[in-house]
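Notes for the one structure printed next.
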């Protein structure tokens, strides 16, 4: 994965409340405002606007039925409208139900989502040389985004980045600077 760009720290009270509202309280419309901010994230020269595809992180079928929607899909579709980019919801699939990651350790999170995503390699090849932007509401350890990126890379995707609304702090993070977007770079 090239990098992850996030709008804000998830431990900020307002951000935490927005993330909770869109994820657990059914506030789908707030995703549009969150996505508007995400769409303004600087993504550098990774890909021109015409060569970007947004890929929402898929929910497990049971969790989707329970919520009635996928918050990552809501975010991806809103960003797609603003970027003028496609956001196919059938490119990446969750292959199995996984327990919620909320209370898992980083090691448990890695194991939980290992091989939990699948991609149709033929569909990825038809996309050509584009940058895929995984879209999720929040990044905590990076386990889910990395598992998704691994599935896409195994199917032949070359450029994979991620954008999230929130980012959980890691003890190794530098002190926050007001007004700056947070960035995580993965090797």
(request) Select from the stretch 12-56 the residues that are assigned to a loop (DSSP other than H, G, I, E, B) and either within 18 Å of residue 133 (Cα to Cα) or at pLDDT below 85 (or both) and list them in ascending order. (result) 12, 40, 41, 42, 43, 44, 45, 46, 47, 48
(request) Test residue 63 against the criterion of being closer than 24 Å to residue 42 by Cβ and out of contact with any helix residue (DSSP H, G or I) (no Cβ under 8 Å at 6 or more places or on another chain), and give yes or no. (result) no
(request) Check whether at least one residue in the stretch 74-84 is without any contact (Cβ under 8 Å) to a residue 60 or more places away in the chain, within 21 Å of residue 144 (Cα to Cα), out of contact with any strand residue (DSSP E or B) (no Cβ under 8 Å at 6 or more places or on another chain) and surrounded by fewer than 16 Cβ atoms within 10 Å (Cβ to Cβ), and report yes or no. (result) no
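The values are calculated or read from the model by the stated rules, or taken from the named source; none is laboratory data. This structure is a prediction, so every number in the text was calculated from the model and none was measured. No Cβ is skipped: glycine too gets one built from the backbone with ideal geometry, and neighbour counts run over all protein chains shown.
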